[in-house]
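As structure tokens, the structure follows; a few thoughts come after it.
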């Protein structure tokens, strides 16, 4: 295992976001390229919501989801059992040293993973190793520098600045989306197809979910702990930022756009 630090941690407010993710809202760029019988690896699977959706798309092919956090791996396995999804399994795993033989998979997928790694190119090189010749890589990461919102609020500007400082201190890249094509090429892949997509939170229900989720994360998640431990912020400022997210929720015409870049590429051979 590596010494990478996961900026968000696994507070309930973080997992609330992860459990919302589906193949449709987080991996739509990949879905047309999947085929029944594909063997797929989901790196950084979290609680497994995307993984289970992908398993339904490739059945009777098998899907393995790996994550570094034991608790979320256990939650994902329980979700698979509850759904009666027999072609998927979950295990603790490391993106830098995947427990699989060369060429074991037809597809390797990683959603919002590379932005948290100190050496994303090394992880991509390992993903290439476990892909069969001509196998498909699918990676998608957000780009915090490209996020937009309205109305303007200097406290939300400070949140983004603070998030960049914390991730940089952790050796990670908050603006990973724009770097994906470069990293994928350096990892030895070819035939890259680059696209972008967004999560847009604009109606009252979506604003309430997104804004209160981030208010909780700013106050209680590992991000908050790190911001204070690194000397970048304090309790009073974090509470002020959280209140900005709560105020944004109540703005009748507010919008928040989360920007992602996604890359499909082929392993050589």
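Comparison of 165, 132, 140, 155 shows that the only residue that is assigned to a strand (DSSP E or B) and surrounded by fewer than 21 Cβ atoms within 10 Å (Cβ to Cβ) is 132.
Within the set 67, 3, the sole residue that is in contact with a helix residue (DSSP H, G or I) (Cβ under 6 Å, 6 or more places away or on another chain), within 30 Å of residue 230 (Cβ to Cβ) and either crowded, with 16+ Cβ neighbours inside 10 Å or touching a residue at least 12 places away in the same chain (Cβ under 8 Å) (or both) turns out to be 67.
Please verify whether segment 192-212 includes one or more residues that are in contact with a helix residue (DSSP H, G or I) (Cβ under 6 Å, 6 or more places away or on another chain), at pLDDT 95 or above and within 17 Å of residue 110 (Cβ to Cβ). Scanning segment 192-212 turns up at least one residue that is in contact with a helix residue (DSSP H, G or I) (Cβ under 6 Å, 6 or more places away or on another chain), at pLDDT 95 or above and within 17 Å of residue 110 (Cβ to Cβ).
Restricting the search to strands (runs of 3 or more DSSP E) fully inside segment 16-125 and requiring at least 2 residues that are modelled with pLDDT of 95 or more, touching a strand residue (DSSP E or B) at 6+ places or on another chain (Cβ under 6 Å) and within 15 Å of residue 140 (Cβ to Cβ) gives 40-43, 105-111. The numbered conditions (1) out of contact with any strand residue (DSSP E or B) (no Cβ under 6 Å at 6 or more places or on another chain); (2) part of a helix (DSSP H, G or I) are all true for residue 184 except (1).
The values are calculated or read from the model by the stated rules, or taken from the named source; none is laboratory data. What you see is a predicted model; the values in this text were computed from it and never measured. Note that we place each Cβ from the backbone using ideal geometry, even for glycine, and neighbour counts take in every protein chain shown.
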